[in-house]
Amino acid sequence: MCGIVGYIGNRQAAPILLDGLSKLEYRGYDSAGIAICDGGKIDMVKSKGRLKVLSELTHDGATLPGTMGIGHTRWATHGSPSDTNAHPHFNSDKSIVVVHNGIIENYLKLKKKLEKHGYQFISETDTEIIAHLLDYYYNGNPLQAITKIMHRMEGSYALGIIFKEHPDELYAVRKDSPLIVGHTDGGNIIASDVPAVLRYTRDVFFIENEEIVRMTEGSMEFFNVDEEPISKESVRIEWDVNAAEKGGYEYFMLKEMYEQPKSVMDTFSPRIKENKIVIEELGMTDEEIQNIRKIMIIACGSASHVGHTSKYVFEGLARIPVEVDMASEFRYRNPILDEHTLVVVISQSGETADTLAALREAKEQGAKVLGIVNVVGSSIAREADNVMYTWAGPEIAVATTKAYSAQLIAMYLLAMKFAQVRGKIRDDETAEMLKDMKALPAQIEMILNNREKIQKFANRYLAARDIFFIGRGLDHAISMEGSLKLKEISYIHSEAYAAGELKHGTISLVEEGTLVAAVLTQKPLYKKMISNMEEVRTRGAFVMAVTVEGNTEVEKAADYVIYIPETNRYFANSLAIIPLQLFAYYIAVGRGCDVDKPRNLAKSVTVE
C-alpha cells in the first residue's frame, strides 16, 4: 500500500522519482506527489488521481529542478483522496517535508498536543502530524528530532524526510512498513519496494525496524533509535529488469499468467535432486519433523486459499492435523501453540502487516515459524525461523497469479517431504508424484494456449450481477480463489460455497440465468458434485464446469465444460485455477476495468 521513492545525487531528482513511482503503481494508490529541494527552497506538486496527472503537471519533472527529492503514491486511510490530503506534507513554514507509508495510531493525541502549541493543520491525514511533530522537536539536529518523534509515535511508518536547512541530506526511517535504500551511479535512492530501484541499482539495504538512514550524494549512514551508528550489509537483487515490464502484453496480469509455467518450474526444480525432495532451507531434522504434532497455516487473501488447499494435501499425505487461519484474525482468538507446532506463514511480498504480526505472535508462544515468501530480504523472510522462497520473480498486477501458483508448489513439496519423513508415502509413490509435478508447467501452458475459448465464453457474462463458485473438498479451495479473482478485478459480486452447503440456504440465491461455476477434479466426489450441479440447473442456473479430461459424465449436468489434463489429485489446483484466472481476466477486460490496478485494492497490504 502506498509507495515511497527518494533520491539524492548529481542527477535531476524529479524524473527519477516519477519513474520510480511508476514502478510502484501496482501497490495501489489514489493520489501522488513529489517534493524537490533545490538548495534554498523546497518545491512541491501533488494531485489526486493517477501518476500521469502528476507527470503532466510537472512536464515529466522538468518544471521541478533539483537533485534531491521525495515522492509518494497515496492509498487513502485518513481523509478522502484529494490534492490536499496527498503526500508529501509540509510543516508550517515549509522547511520540513515528509512522505509516509503506514498508520500513526495515536495521531489524534499528538494532534491535540500540537494544537495546544499553536500548530494548525490543513489536511485530514495522520502524516501531517509527523511534519509538525518534527518541527516541534527540531533544534538544528535532524537526527535528534527524528529519534524523538520515533519515541512518541505509535503505529507503523516508513518515512522519507527533507530538512531545508540541510539541503545535502536525505533521511529515511522505518517501523513495520517496508523500506529499502541503495547506492546508484552518482547518488543514493530510497523506495518501498525493489521494482522502483532496479533501473538504478541491484545492491540494496533492507532497513530494519526503528532504523534511520542519513544519505548524502556520496555517503550512507545507518543509526538506531538511540542515535547510535550501526553497520549493515547489502543484498544483491537478481531479478531481471525486463521482468518488471509488460513485455508486449496488454496487462501485467496476462503476462504474469503466462509466466506461471516458469514460476512453477523455478520453484520445484532446485528442490528435486535425484528424484528426492531436498528442502535445505526448511532447517529441520527428520526427528524434528517427526515431532511436529500440528501445523498452522496463516495468510491473507489468495495466500490463505493456498493454505486451504495445503490443508487437504498435508492431512491427506502426511496425516498431520492442519489449521488454516486468516492472519487478520489469528492474534484475536488466543491461539494455542507450543514447540510441537509448525506455523507456516505465506505472503507474496513478505511485508503483509497482519501476517507479519501473526508471525511475531507465534514466535512469542514458542512455535517454529516457516515463511513462504517471494521477495528476498523482506520482513517475513528476515523474521521467520526459516524461509522457503517461491522464485516467481516480480509480480506487478494486484491480483496474484504466478505467485499463487508458486506458493502451491512450495506447499506440495513441503507436504510430500513431511509425508516421506513420517513414513506415510512410499518411495515409488513419491517418484510418481514428482513425475506429475514435473509435467505441470507444460500442462499449464497448454491450458493458457486455449484461452480463446474461455474468452468467448466470458464475453457472454460481462453484464452478470452474481456468480457463484461451488466445489467439494480440495475443489472448494479452488473455488474460493476463482471467486476472489473474479470479484477483485471485474467488480462482479461473486461467492464460493462448499457444494454440500447449498441446501442450507445458499441455493435460495440461485435464479433464472445465474451463472454457477462448478469445480470437480476429485474423482471420489464426481457424483455428489454432479447432483449439486443438477440442483442449481433445475432452478434456472447456467452451469460452467471445470473438470478433468475423461469425466464426460459431467456434460449431462453442465452447459459449458472446461477440461484440464489429468494429474495427481493433490495437484489439481495448479491446473484448475488457470481457466478460472483467464475467465476472470477476460470478463474484467470486457467490462473495461483496470485489470492491473483494481479500485480500492493494494498489492502489498502493509497496514492492519
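The values are calculated or read from the model by the stated rules, or taken from the named source; none is laboratory data. Bear in mind the structure is a predicted one, so any value in this text is a computation, not a measurement. Neighbour counts run over all protein chains shown; Cβ positions are idealised from the backbone, glycine included. Calculation scope for accessible area: heavy atoms of the full protein, side chains included, ligands and nucleic acids excluded. Shrake-Rupley method; radii C 1.70, N 1.55, O 1.52, S 1.80 Å.
Rundown of residues vs (1) basic (Lys, Arg); (2) assigned to a helix (DSSP H, G or I); (3) under 15 Å from ILE454 (Cα atoms), yes/no style:
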| residue | (1), (2), (3) |
| --- | --- |
| ILE530 | no, yes, no |
| GLU555 | no, yes, no |
| GLU566 | no, no, no |
| ALA576 | no, yes, yes |
| GLN581 | no, yes, yes |
| VAL589 | no, yes, yes |
| GLY592 | no, no, no |
| LEU601 | no, no, no |
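Would you please name the residue that is most open to solvent (accessible area, probe 1.4 Å), looking only at residues in the range 319-341 that are more than 15 Å from THR355 (Cα to Cα) and touching a residue at least 60 places away in the same chain (Cβ under 8 Å)?
The qualifying residue most open to solvent (accessible area, probe 1.4 Å) is ARG319.
State whether one or more residues within the range 452-459 are part of a helix (DSSP H, G or I), free of Cβ contacts under 8 Å to residues at least 12 places away in the same chain and closer than 29 Å to VAL375 by Cβ.
No, there is no match, as no residue in the range 452-459 is part of a helix (DSSP H, G or I), free of Cβ contacts under 8 Å to residues at least 12 places away in the same chain and closer than 29 Å to VAL375 by Cβ.
When you scan the range 421-449, how many residues do you find that are open to solvent by less than 70 Å² (accessible area, probe 1.4 Å) and free of Cβ contacts under 8 Å to residues at least 40 places away in the same chain?
Count: 2.
Scan the range 508-534 for residues that are more than 22 Å from LYS485 (Cα to Cα), open to solvent by 50 Å² or more (accessible area, probe 1.4 Å) and not small (Gly, Ala, Ser) and jot them down.
GLU511, GLU512, LYS523, PRO524, LYS527, LYS528, GLU534
If you take the residues of the range 189-245 that are of a type in the set (A, V, I, L, M, F, W, C) and assigned to a helix (DSSP H, G or I), which of them is modelled with the highest pLDDT? Full working, then the answer.
Let us first name the residues in the range 189-245 that are of a type in the set (A, V, I, L, M, F, W, C), namely 189-191, 194, 196-198, 204-207, 212-213, 215, 220, 222-223, 225, 230, 235, 237, 239, 241, 243-244.
Narrowing the set further to residues that are assigned to a helix (DSSP H, G or I) leaves 194, 196, 241, 243-244.
On the way: VAL194: 83, ALA196: 86, VAL241: 58, ALA243: 61, ALA244: 61.
The residue in question is ALA196.
Among the residues of the range 105-133, which ones are touching a Phe, Trp or Tyr at 6+ places or on another chain (Cβ under 8 Å) and under 20 Å from VAL5 (Cα atoms)? Steps first, please.
So the first thing to find is which residues in the range 105-133 are touching a Phe, Trp or Tyr at 6+ places or on another chain (Cβ under 8 Å), and the list is 111, 114-115, 117, 119, 126, 128-132.
Residues satisfying the conditions are ASP126, GLU128, ILE130, ALA131.
Got a sec? Which of HIS117, HIS166 is more than 27 Å from ASP30 (Cα to Cα) and either small (Gly, Ala, Ser) or surrounded by fewer than 15 Cβ atoms within 10 Å (Cβ to Cβ) (or both)?
Numbers: HIS166 fails: either small (Gly, Ala, Ser) or surrounded by fewer than 15 Cβ atoms within 10 Å (Cβ to Cβ) (or both).
After ruling out the rest, the residue left standing is HIS117.
Does THR309 qualify as being among the hydroxyl-bearing types (Ser, Thr, Tyr), crowded, with 21+ Cβ neighbours inside 10 Å, within 20 Å of ARG382 (Cβ to Cβ) and in contact (Cβ under 8 Å) with a residue 60 or more places away in the chain?
On the way: among the hydroxyl-bearing types (Ser, Thr, Tyr): yes; crowded, with 21+ Cβ neighbours inside 10 Å: yes; within 20 Å of ARG382 (Cβ to Cβ): no; in contact (Cβ under 8 Å) with a residue 60 or more places away in the chain: yes.
The answer is no for THR309.
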